[in-house]
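Engineer: Before we start, here is the structure in question, set down as structure tokens.
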């Protein structure tokens, strides 16, 4: 058992004994360290002004990832190198991303700038990224700027971030790895009292025991949602259990049959595997949150949290994913759609926690499409999320799995449409009509700030039609605006 | 065009002015060392103030307030209500209708009722949730239609009227009419509202405030505390964005900080949570526009009748100027022979809408573009042809408010150049071809003009002061009444002052805007910051320099023509001195080396009552060409290419001006596409965080984004180095995006006018598509 949090900052190991269950990393930086370079813009992980970098050894490589410090718990920094904007100037010389941002007039009011600098710092250290505007805007989706219109920032990224990394962090990377190795232990962490604590078990058994003792504790995975309970709902969460150090819980195993992932596998860590299941799924993954959110946020958390607007569950349900749950004395698996009982209610018993998810790979005669409709393409929550897996034999759909998000209080299958689609002929659009109409009885969507009920229904119908058009393959041109834009760019390049 | 002789081009080569120099704080920005108010070192014992409100109330009488549990909450030092205000409970810009703390009634969702003062911000926030406030509800007036029915206004109607629109309509070959909605906009400055008040000796109060209008904060705080203005000092070094949202809206938070500091005797800081900020503060006005236009067979406008119904919110705030500016820009760049342009300033039980970059102008111009597009659709001609046909020109160049558009030729030349560089006509063919073979995706193209009037239409605001000192070591202290919100004002003014003294820029120390240095200033707004403050600073520097020259002439028995300032030196005939040497000598000779410069814009004669005179010193021009693709099944949209040509006169700093143009365009694009403010049926704002309110992100910017400065003859008016204002005009370049979307929608039913509302969200686009499809089927 360890009763401290340890991490590296500025080359030094920092060890903290007093870490509250809900203390955020941003508060630690600004209020305790009085390091004010990192800014708070929104306090909910949507603007990126508070972005800092966390360095960890991933697959043997020292990797820097951007995170939103406003919704990251301080304790979650354990075992990492914490890099903030204060750490980049070395020997009074600006870091290359700082110098280039300055040279290309990438700041106006300057308030968002440290956050951009830190995301660019992580891109600077990323390996194997294609030098393109698309890469840059994907990295920057989680950083809002209200002044510049982004053009100079994107230009600065293109100029500064695609050369071989050569800065103080690469020079001392061996030393950093040694330090990180020293920090990595398999001891459970527990800071506080039995009434009020931050904890981080190192094993599943440890978790089961601790959660069994404290079924009222809050399980924290990436904190991209729990963080908002703290900063926005002002909830007091006296007992937090961070899952991020549990041995093996972040595994991602690919096989011919599908992908088995642990509950703490992040969106970032699963993106490549998801893209191999389906390019649509890969695109969806890239449009979930931002780089910062995907670096912290976990697929298991997105599910276990039971949010009605989670973007991943409809796609995973259409693919036939199954969920694994465990507690101190039980172990079970269930179809993902059965986990979501009602708005805000999931099939999870006291003391029980999600351990993993299996996502089957579509077979040769199956086609998968998914669509996310939102006001803004990047880092927005869908108004309608639709996913389709059609099993096709001789131009006929013999089986369909269809799931929607934003159409009900939970991610939900369209059972009427699925049934009506059996036997539909791809080449004959008139055979699709019954299934499209069935959506009107499958769902009764609501009106909210993202869309009206009418628009949701109209779009749900359009997306089923679109999926069938795309499966049919007769559409000469692309029928997706984003795909078209990318195709145009590729042609231009 | 033949160029008139520009005096500024024949003087000595410029060293600093017109150079693309970095923002003065650029290095501090990228290193995170530029202090914003929340980064300032707090005095020992600094307390934190958080506003509290009745979270379920929209409109009603407060029947009881129970703050017992709030006071008893951890860390709470004081809880303030309207009873604790020693002076006047008002933080308005002048109409007396904005309570700092609610007094007996709730006027809108999010109105502040009390303020908690606690040891930490977290403690104060948690304490606010423990209030029990009972409100007897009154059915709220929420929409334009509600307010029209109830006849509630914040100000009387106003209008411009020329000729006889009634006769003009009768004479027109065709009359078109329609109605559409233009949404508001949240400022989303990255640094939220913040103020820190520090009590001074003998009842004084120093307020660090993130505001575009330090003088108004000073006066408001004094009024609220019930002390003379002279006891209050407001200071702001930089804001993390303003955009109009900190012109009047900063007053309340500065007042609360000062009230708390007054009550506790300790330094107090207010920093709004983002959600509170978005719920409590005003936004860009949203409108319904009802329009009728009569035109001849070619598409030339005979007469217009436009009515602008603005939702002003619960109080006047800046709605007078905002709605006037809507009318001033309802012509866009087009000549209306007969016109009735009417404005209704509706009072609704919602947050009080306020200044936002463009200040009502964008809504006026968008309505004009809507009429032009309608004429194009009905006549079957290209919208660009209809635009050019109706442009102001040599004969038809008087606006509906009587001011001539003297620079119409600049407008024509700029648009002609853009037409060429954007390859408009060949792309028009490409778009048509694309739409012919694509059933689901449709493209649209539009090229729209910008003409924006520069000056405050409230005449007295067109003045500025600066305070410049030359020290005996040759360094310069620069201060002026303008505020820095990222627009590069400080840098531009510093360049002008360095130029004047012939010193390198590092000799010029830029200092925070402070009401004790330059008093009685106007807000940094209306794009006028540089025009006014750089001129005032230039005059101050010139005065000091003039005194030095007189002194040197006497000392060296030479004429002023023999004396040259440059490279931190002063050349007198063939002798060279450092400026420091000259300054020391002047000091020994008892020459004053400090001066307060003052500038008032000449030539402005607008009289609102009689609707006569000249409201603007000049116009800034621009043009944008945008191409978009929409998905007619889902309403999704991408902006594929944008070309911009914009007139900044002779730029003081091309890098900064380019940044203003690009940033303004993107902000305007957000307003017209993704940024949707949604109130529910009870009148509660539902989009009060970036999770639900979507400003553009990097990937929303077109990959092909060509932005150029118009290379012309400079400002014909004697502005500072013949530059033009650039803050607001670029916002309206984004009208091209909205018109291009409209063009794409219109392609599915030629001859039909789409009912596209702004913002053109996927849902708004689908509504317009559906409308056309149903009309197509029925016709």
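The values are calculated or read from the model by the stated rules, or taken from the named source; none is laboratory data. Only a predicted model underlies this, so the values are computations on that prediction, with no experimental measurement involved. As a convention, Cβ positions derive from the backbone with ideal geometry for all residues, glycine included, and neighbour counts pool all protein chains shown.
Engineer: Limited to segment B:111-125, what total is found for residues that are within 14 Å of another protein chain (Cβ to nearest Cβ) and not in a helix (DSSP H, G or I)?
Structural biologist: The number of residues fulfilling the criteria is 4.
Engineer: Shifting gears a bit: Based on this model, can you work out whether residue B:384 counts as more than 23 Å from residue B:147 (Cβ to Cβ), out of contact with any helix residue (DSSP H, G or I) (no Cβ under 7 Å at 6 or more places or on another chain), part of a helix (DSSP H, G or I) and modelled with pLDDT of 95 or more?
Structural biologist: no
A quick yes/no check of all residues on (1) within 14 Å of another protein chain (Cβ to nearest Cβ); (2) surrounded by 15 or more Cβ atoms within 10 Å (Cβ to Cβ):
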position	(1), (2)
B:139	no, no
B:149	no, no
B:155	no, yes
B:181	no, yes
B:187	yes, yes
B:198	no, yes
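Engineer: Can you tell me which residues in segment B:49-86 are without any contact (Cβ under 8 Å) to a residue 24 or more places away in the chain and either within 31 Å of the chain's Cα centre (by Cα) or in a loop (DSSP other than H, G, I, E, B) (or both)?
Structural biologist: B:55
Engineer: Additional query: Looking only at segment A:421-428, decide whether some residue is more than 22 Å from residue A:286 (Cβ to Cβ), facing chain B (nearest Cβ under 10 Å) and in a helix (DSSP H, G or I).
Structural biologist: Within segment A:421-428, none of the residues are more than 22 Å from residue A:286 (Cβ to Cβ), facing chain B (nearest Cβ under 10 Å) and in a helix (DSSP H, G or I).
Engineer: Turning to a different aspect of this structure: Just a yes or no: is a residue in segment B:23-42 away from every other protein chain (no Cβ under 14 Å) and outside any helix (DSSP H, G or I)?
Structural biologist: No, the conditions are met nowhere in segment B:23-42.
Engineer: Right, here's the next one. Determine if segment B:725-738 includes at least one residue that is surrounded by fewer than 24 Cβ atoms within 10 Å (Cβ to Cβ) and more than 22 Å from residue B:442 (Cα to Cα). I'd like the intermediate steps shown before the answer.
Structural biologist: Residues of segment B:725-738 that are surrounded by fewer than 24 Cβ atoms within 10 Å (Cβ to Cβ), as a first pass: none.
There is no residue in segment B:725-738 that is surrounded by fewer than 24 Cβ atoms within 10 Å (Cβ to Cβ) and more than 22 Å from residue B:442 (Cα to Cα).
Engineer: Here's something else I'd like to know. Answer yes or no: is there a residue in segment A:442-452 that is surrounded by fewer than 20 Cβ atoms within 10 Å (Cβ to Cβ), free of Cβ contacts under 8 Å to residues at least 12 places away in the same chain and more than 11 Å from chain B (Cβ to nearest Cβ).
Structural biologist: Within segment A:442-452, one or more residues are surrounded by fewer than 20 Cβ atoms within 10 Å (Cβ to Cβ), free of Cβ contacts under 8 Å to residues at least 12 places away in the same chain and more than 11 Å from chain B (Cβ to nearest Cβ).
Engineer: Picking from A:51, A:22, which residue would you name as being surrounded by 24 or more Cβ atoms within 10 Å (Cβ to Cβ) and within 19 Å of residue A:242 (Cβ to Cβ)?
Structural biologist: None of the other options fit; the residue is A:22.
Engineer: Here are the criteria: (1) within 14 Å of chain A (Cβ to nearest Cβ); (2) under 30 Å from residue B:672 (Cα atoms). Tell me which single one residue B:237 does not satisfy.
Structural biologist: With respect to (1) within 14 Å of chain A (Cβ to nearest Cβ); (2) under 30 Å from residue B:672 (Cα atoms), residue B:237 is out only on (2).
Engineer: Could you check, for segment B:158-167, whether at least one of its residues is in a loop (DSSP other than H, G, I, E, B), out of contact with any strand residue (DSSP E or B) (no Cβ under 6 Å at 6 or more places or on another chain) and at pLDDT 95 or above?
Structural biologist: Step one: filter segment B:158-167 for residues in a loop (DSSP other than H, G, I, E, B), giving B:163-164.
This time we only want the ones that are out of contact with any strand residue (DSSP E or B) (no Cβ under 6 Å at 6 or more places or on another chain), so: none.
Looking for residues that are in a loop (DSSP other than H, G, I, E, B), out of contact with any strand residue (DSSP E or B) (no Cβ under 6 Å at 6 or more places or on another chain) and at pLDDT 95 or above, one finds none in segment B:158-167, hence no.
Engineer: Could you say whether any residue in segment A:36-48 is within 14 Å of another protein chain (Cβ to nearest Cβ), touching a residue at least 60 places away in the same chain (Cβ under 8 Å) and farther than 26 Å from residue A:236 by Cβ?
Structural biologist: yes
Engineer: Ok, one more. Among the candidates A:160, A:168, single out the residue that is more than 27 Å from the chain's Cα centre (by Cα), modelled with pLDDT of 95 or more and over 30 Å from residue A:205 (Cα atoms).
Structural biologist: Testing whether each residue is more than 27 Å from the chain's Cα centre (by Cα), modelled with pLDDT of 95 or more and over 30 Å from residue A:205 (Cα atoms) leaves just A:168.
Engineer: Can you spot a residue in segment B:709-716 that is in contact with a helix residue (DSSP H, G or I) (Cβ under 7 Å, 6 or more places away or on another chain) and either closer than 30 Å to residue B:436 by Cα or assigned by TED's automatic domain parsing to the domain that holds residue B:357 (or both)?
Structural biologist: no
Engineer: Could you look through segment B:633-650, keep only residues that are more than 9 Å from every other protein chain (Cβ to nearest Cβ) and surrounded by fewer than 24 Cβ atoms within 10 Å (Cβ to Cβ), and pick out the one that is farthest from residue B:411 (Cα to Cα)?
Structural biologist: B:641
Engineer: Is there a residue being assigned to a loop (DSSP other than H, G, I, E, B) and touching a helix residue (DSSP H, G or I) at 6+ places or on another chain (Cβ under 9 Å) anywhere in segment A:453-473?
Structural biologist: no
Engineer: Identify all residues within segment B:393-419 that are part of a loop (DSSP other than H, G, I, E, B) and free of Cβ contacts under 8 Å to residues at least 60 places away in the same chain; write none if there are none.
Structural biologist: Residues satisfying the conditions are B:393, B:394, B:395.
Engineer: Still on this structure: Residue check: is residue A:86 facing chain B (nearest Cβ under 8 Å), out of contact with any strand residue (DSSP E or B) (no Cβ under 7 Å at 6 or more places or on another chain), touching a residue at least 40 places away in the same chain (Cβ under 8 Å) and surrounded by fewer than 22 Cβ atoms within 10 Å (Cβ to Cβ)?
Structural biologist: In short, yes.
Engineer: Which residue, of B:736, B:744, is closer than 19 Å to residue B:364 by Cβ and either free of Cβ contacts under 8 Å to residues at least 60 places away in the same chain or part of a helix (DSSP H, G or I) (or both)?
Structural biologist: Details: B:744 fails: closer than 19 Å to residue B:364 by Cβ.
Being closer than 19 Å to residue B:364 by Cβ and either free of Cβ contacts under 8 Å to residues at least 60 places away in the same chain or part of a helix (DSSP H, G or I) (or both) holds for just one of B:736, B:744, which is B:736.
Engineer: A further question on this structure: Going through segment B:363-381 one residue at a time, which ones are over 29 Å from residue B:58 (Cα atoms) and touching a helix residue (DSSP H, G or I) at 6+ places or on another chain (Cβ under 6 Å)?
Structural biologist: B:364, B:365, B:366, B:369, B:372, B:373, B:375, B:376, B:377, listed by residue number.
Here's the yes/no breakdown for (1) over 20 Å from the mean Cα position of the chain (by Cα); (2) surrounded by 24 or more Cβ atoms within 10 Å (Cβ to Cβ); (3) more than 8 Å from every other protein chain (Cβ to nearest Cβ):
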position: B:701; (1), (2), (3): yes, no, no
position: B:711; (1), (2), (3): yes, no, yes
position: B:743; (1), (2), (3): yes, yes, yes
position: B:761; (1), (2), (3): yes, yes, no
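Engineer: Next question. Considering only segment B:502-510, I want to know if a residue exists there that is in a loop (DSSP other than H, G, I, E, B), more than 14 Å from every other protein chain (Cβ to nearest Cβ), touching a residue at least 40 places away in the same chain (Cβ under 8 Å) and buried (at least 24 other Cβ atoms within 10 Å of the Cβ).
Structural biologist: So the first thing to find is which residues in segment B:502-510 are in a loop (DSSP other than H, G, I, E, B), and the list is B:502-504.
Pick out the ones that are also more than 14 Å from every other protein chain (Cβ to nearest Cβ) and you get B:502-504.
Going one step further and asking which of them are touching a residue at least 40 places away in the same chain (Cβ under 8 Å), we end up with B:502-504.
Of the ones still in play, those that are also buried (at least 24 other Cβ atoms within 10 Å of the Cβ) are B:503.
The answer is yes, given that some residue of segment B:502-510 is in a loop (DSSP other than H, G, I, E, B), more than 14 Å from every other protein chain (Cβ to nearest Cβ), touching a residue at least 40 places away in the same chain (Cβ under 8 Å) and buried (at least 24 other Cβ atoms within 10 Å of the Cβ).
Engineer: Right, next: Exactly one condition in (1) assigned to a helix (DSSP H, G or I); (2) buried (at least 21 other Cβ atoms within 10 Å of the Cβ) is false for residue B:230; which is it?
Structural biologist: Failing condition for residue B:230: (2).
Engineer: Of the residues that make up segment A:131-138, is at least one within 30 Å of residue B:657 (Cα to Cα), surrounded by 24 or more Cβ atoms within 10 Å (Cβ to Cβ) and within 14 Å of another protein chain (Cβ to nearest Cβ)?
Structural biologist: Scanning segment A:131-138 turns up at least one residue that is within 30 Å of residue B:657 (Cα to Cα), surrounded by 24 or more Cβ atoms within 10 Å (Cβ to Cβ) and within 14 Å of another protein chain (Cβ to nearest Cβ).
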